[in-house]
1. Tally time: how many residues in the stretch 114-151 are open to solvent by less than 10 Å² (accessible area, probe 1.4 Å), within 21 Å of residue 271 (Cβ to Cβ) and of a type in the set (Phe, Trp, Tyr)?
2. Of 237, 262, 266, which residue is under 18 Å from residue 203 (Cβ atoms) and β-branched (Val, Ile, Thr)?
3. Answer yes if at least one residue in the stretch 36-52 is open to solvent by less than 30 Å² (accessible area, probe 1.4 Å), assigned to a loop (DSSP other than H, G, I, E, B), in contact with a Leu (Cβ under 7 Å, 6 or more places away or on another chain) and closer than 23 Å to residue 215 by Cα, and no otherwise.
4. Name the single residue that is nearest to residue 95 (Cα to Cα) among those in the stretch 203-215 being at pLDDT 95 or above and either open to solvent by less than 10 Å² (accessible area, probe 1.4 Å) or among the basic types (Lys, Arg) (or both).
5. Mind checking which pairs have a first residue in the stretch 242-255 that is over 14 Å from residue 48 (Cβ atoms) and a second that is in a loop (DSSP other than H, G, I, E, B) and β-branched (Val, Ile, Thr), Cβ under 7 Å, 6 or more apart or different chains?
6. Cβ-Cβ distance below 8 Å, separation of 6 or more or different chains: which pairs start in the stretch 168-182 with a residue that is assigned to a loop (DSSP other than H, G, I, E, B) and end on one that is of a type in the set (Asp, Glu) and open to solvent by 20 Å² or more (accessible area, probe 1.4 Å)?
7. Would you tally the residues in the stretch 53-67 being open to solvent by 40 Å² or more (accessible area, probe 1.4 Å) and either acidic (Asp, Glu) or without any contact (Cβ under 8 Å) to a residue 60 or more places away in the chain (or both)?
Amino acid sequence: MPATAAPKPPADKVSTVTYTAGERKEALSYWTPARIKAVGKSVDLGPTGPKSQPWHGAAMKTVGRLFFVNADGTDTWCTATAVRSANRSVVMAAGHCVRRPASPVNTYIDLVFVPGYHKGAQPYGAFPVRATLTPRTWAEDAVNDVAALVVDADAKGRELTDVVGGQAIAFGHRAGGRTVAFGYPATRPQRGEELLHCTGTAAPARDNEQSVPCDMNGGSSGGPWLTDFNAKTGQGVLVSVNSHGDAQTDSTHMYGPVLGDVAKQVYARAERG
């Protein structure tokens with residue numbers, strides 16, 4: 001009988017990028033207070049919309065700015081969130097905060113997460129990113145805009161969630177109910193210096209996404225959607241992240257991915273990292 005070829009193993013559904021110890025050290029050195037101040041001034045996306053309000057509740061220690069250099073070599077930022085994980089080092093954000101969609105070679109560099117950022121203050125320190133993980137469909141086809149990041153311990157050797165705590169995370173959550181979305185948009189007057197939020201009822205949308213009434217703009221990408229949120233404790237359940245608005249300007253709704261089986265695999269791989 002003729003020999004038959006062994007079946008190919010299924011393609012890995014998770015794309016991973018890692019950064020060396022030297023690269024992480026360089027990232028921390030790169031994001032000086034002066035550079036952070038300058039990047040906020042470099043972007044002006046117009047006035048902050050009426051749905052986006054400054055946060056005045058409990059300190060959102062888990063939410064912060066994620067600084068990075070994109071594939072064009074431009075300094076920029078997203079929003080990201082510390083979540084509960086086995087390694088106490090996982091941060092959730094959007095896929096487009098760590099790599100260009102549908103372009104596997106265009107990944108970002110000098111990634112640093114600053115939880116609790118507020119007007120230049122870094123009350124809980126800065127955490128360089130040692131790995132980013134996204135669905136392979138994001139890297140190759142621009143589908144499923146979510147990412148998990150693994151960060152180093154801080155300068156004192158403490159893991160991220162030992163310092164700031166972590167939000168719970170849920171997969172397969174049906175869209176609906178009161179949802180609070182957070183972010184650091186590049187709209188004025190805040191220009192990324194303050195944490196803003198929108199509150200509304202999430203609704204199902206096309207392409208395995210969901211939407212919430214929110215007019216936050218660029219810079220808020222990757223920010224958490226929290227349900228069962230307690231404003232007194234700053235804790236809730238992360239069910240999605242800010243991906244994109246419904247228009248380039250004057251957007252009225254924010255869209256985010258439904259966190260399904262592949263997102264769960266991304267997170268599971270990260271918490272083992």
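The values are calculated or read from the model by the stated rules, or taken from the named source; none is laboratory data. Just so we're clear, the structure is a prediction, and the values are computed from it rather than from any experiment. With ideal geometry, Cβ positions are generated from the backbone for all residues, glycine too; neighbour counts draw on all protein chains shown. What goes into the accessible areas is simple: the full protein's heavy atoms, side chains included, and nothing from ligands, DNA or RNA. Shrake-Rupley method; radii C 1.70, N 1.55, O 1.52, S 1.80 Å.
1. 1
2. Every option except 237 fails the conditions.
3. Yes, there is a match, as at least one residue in the stretch 36-52 is open to solvent by less than 30 Å² (accessible area, probe 1.4 Å), assigned to a loop (DSSP other than H, G, I, E, B), in contact with a Leu (Cβ under 7 Å, 6 or more places away or on another chain) and closer than 23 Å to residue 215 by Cα.
4. Taking the candidates together, the pick is 210.
5. 246/252
6. 171/261; 172/261
7. 1
Per-residue answers, yes or no, for (1) open to solvent by less than 20 Å² (accessible area, probe 1.4 Å); (2) assigned to a loop (DSSP other than H, G, I, E, B); (3) aliphatic (A, V, I, L, M):
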site	(1), (2), (3)
185	yes, yes, no
191	no, yes, no
194	no, yes, no
198	yes, no, no
219	yes, yes, no
227	yes, no, no
264	no, no, no
